[in-house]
């Protein structure tokens, strides 16, 4: 039996609903809020601990019922359950605002046990967001995928992102589930900063005359760099030659664009340099800096510079940004399609 | 209360509020569903004023901190006092650190402040505007703001004409092709219809209506914006939103505060001009308007102005019946004794200015035939808050709602501030073997469901002006129509031989008893907030 007392009060699986009611009726100083179901699937006891801590970060910003599911495939079936309330105080004197957390530790034939366990714990009529935190897709039944409205995953964790994304698409099958790749979310602020540089008529012309792109990324962050390049390619109508590598040429409306992906120690993305005959735009981020420095230099040598908030390195902040952003991620789908071969 | 909701205006579920056809930056797709603010030089007239320090600069700073302020934008403060860029920046930093909702980050401030400049000039000095024009041209060249100009008039309305004339004389109201010059003016938009018309004429001589942004910070509040979403994004409400199902509507804006040092201004304005003509009429319009044909600024404002035009005109006799005015006497609030209005600092001891108004209004159109709209606004009331309450008609008097056991009506309340949210009162059976029915409240709180802090109203509105989205700003005809309605009341109060009485109410109460009688005559009562 797993000893995961930090998950709250241990309860019988069949009594979860009843025990939750007791939990809320016991204390009138708390109020409950739910806008969506937020399930996290992870593996092992360590995964349960890490993801339970992760959930703590979202309580003040998002109202959800959390269903934390730890899995341990094996021969003997067993399920343990815990319930807990996660609260914060919005202001002095106010009621604590709380979300409920149901935690399940599932051993044995996970694929068979999981669908009913998950479905029975969802708050009715609310969408389901699933945060995927293990390499355990073979344990997921097709029935579960059909219920998922938004699937959050991190392709940076994957060893073969291209194949794994293809497999994921095949498993999801429905085309309805919104794919939310944290490797993409991790570039949100950077994309905003870069996009802003091309808001003026003069700079837009330069955008369409781009001749080279250089992106420096940290080891293990290649998928973010590839998606960033895919974003530029998809939005600017470039088509790629070849199927991989770190140095390639793309074809744009005004000619070839030389693209380089460079791995070097530092932030997830430490440099983006976009060059055209009219101007060069650079976004640089020093290691551990909270701001990105964005600068333009035109062909006459004139420069403009400003700072922008940088993307956070913390998983909690990135998941929080993803939960906040919402949307269908159509641009992500286009970026992925434009660069999938490079992943 | 559970709500299925894609938080905020998610791209997936909601169309952008306006299309962004001014420039086409393909990299902007998907990053935000709102129209994009364009880089500009923002000139604040009244750079030394309280509003600039407490609201405008902190709002602009927060936009920069959130990455929403176009990086190339510059901010130029225009005022009479002798200051340098550096001294103004230092002063602004100090107050921004206190007033900014996100605090102050040194690096962000450093980058932001490097684009903040001070321009000293008298408001009527042509040379000052000529120098401003040269400075803006130089900033355009250096920053790529391409001639976009946003003028924010945070000065007394008496300065408007001089400023507009000088802007026009220096050619600052016009800009190069493909760029824009816009002006934001703060309320009060006049003190009556004729002054509002005169003000609008002054503005129109310098700026076309499409480039004029009359700011009403109430409309920048999250809940005010949510009124349209609530009405037109929920199919269950709109069929009920008419005279067949609605008994009446109450709009309340209550303050516990007194005039708080604004005595000289308030004593001239009063509650009717200060609040009803602007904020409360805007709330009434959002509540009563027909669905607009689109979310474009003019489509929305066309529908709003139709509501004001449909307000049943008052005459001196009906003012006495349908409008109650009051002034606060001494009383106690929060356990403290507070003075009467007439003994407040810098207030005329014989003042006849109203600090409270209650009105019964009718929107004479098909949808609202026979549905009264009650409005009340006041200072030094029992409790602070602003809300709109839609009271539905009672259930038929059979089965449960009988003469022996009358049930209260259903009520939908949209809370504007504080504790923004929506609640619905329903009747429910009390558990037990006997049949007992009690009202229960389904309550949605923004703060509970959406933990994130809303941006300040000024942030939203400044960004809208930079984006060319005037939806949340008042249009000339809206303002003038509202004055036309309010002027009849002002005239009956101040120019009549037999003016209706100015009723006294104790500070800390819910206003004069005559306001209660306004509703009790109709067999109704004010909602208990």
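Okay, here's what the table says:
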quantity	calculated
Checking residue A:52 against (1) surrounded by 15 or more Cβ atoms within 10 Å (Cβ to Cβ); (2) away from chain B (no Cβ under 12 Å); (3) part of a loop (DSSP other than H, G, I, E, B), the condition it does not meet	(3)
Test: residue A:86 is surrounded by fewer than 18 Cβ atoms within 10 Å (Cβ to Cβ), at pLDDT below 90 and not in a loop (DSSP other than H, G, I, E, B)	no
Residue selected from segment A:113-134 under the condition in contact (Cβ under 8 Å) with a residue 60 or more places away in the chain and over 13 Å from residue A:69 (Cβ atoms), by the criterion nearest to the chain's Cα centre (by Cα)	A:129
Neighbours by Cβ (under 7 Å, 6+ apart or cross-chain): first from segment B:100-129, facing chain A (nearest Cβ under 10 Å); second part of a loop (DSSP other than H, G, I, E, B)	B:115/B:73
Which listed residue, of B:371, B:377, B:398, B:357, is crowded, with 17+ Cβ neighbours inside 10 Å and out of contact with any helix residue (DSSP H, G or I) (no Cβ under 8 Å at 6 or more places or on another chain)	B:371
Among (1) modelled with pLDDT of 95 or more; (2) closer than 22 Å to residue B:54 by Cα, the one test that residue B:115 misses	(1)
Segments classed as helices (runs of 4 or more DSSP H), wholly inside segment A:187-255, with at least 3 members that are more than 9 Å from chain B (Cβ to nearest Cβ), closer than 24 Å to residue B:70 by Cα and in contact (Cβ under 8 Å) with a residue 40 or more places away in the chain	A:222-236
Segments classed as helices (runs of 4 or more DSSP H), wholly inside segment B:426-529, with at least 2 members that are exposed (fewer than 14 other Cβ atoms within 10 Å of the Cβ) and at negative phi	B:513-520
In segment A:311-328, residue farthest from residue B:68 (Cα to Cα) [restricted to those that are modelled with pLDDT under 90 and in contact with a strand residue (DSSP E or B) (Cβ under 9 Å, 6 or more places away or on another chain)]	A:328
Checking residue A:287 against (1) in contact (Cβ under 8 Å) with a residue 24 or more places away in the chain; (2) over 29 Å from residue A:241 (Cα atoms); (3) more than 14 Å from every other protein chain (Cβ to nearest Cβ), the condition it does not meet	(1)
Pair list, Cβ < 6 Å and 6+ apart or interchain, from segment A:139-164 residues that are within 19 Å of residue A:337 (Cβ to Cβ) to residues that are outside any strand (DSSP E or B) and at pLDDT below 85	A:161/A:343; A:162/A:343
Conditions (1) in contact with a strand residue (DSSP E or B) (Cβ under 8 Å, 6 or more places away or on another chain); (2) surrounded by fewer than 18 Cβ atoms within 10 Å (Cβ to Cβ); (3) part of a helix (DSSP H, G or I); number of the one not met by residue A:164	(1)
Residue in segment B:70-82 that is assigned to a helix (DSSP H, G or I), touching a residue at least 60 places away in the same chain (Cβ under 8 Å) and crowded, with 16+ Cβ neighbours inside 10 Å present	no
Of the criteria (1) under 27 Å from residue B:181 (Cβ atoms); (2) in a loop (DSSP other than H, G, I, E, B); (3) more than 14 Å from chain A (Cβ to nearest Cβ), which one residue B:67 fails	(3)
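The values are calculated or read from the model by the stated rules, or taken from the named source; none is laboratory data. Quick caveat: nothing in here was measured; it's all calculated off a predicted structure. As a convention, Cβ positions derive from the backbone with ideal geometry for all residues, glycine included, and neighbour counts pool all protein chains shown.
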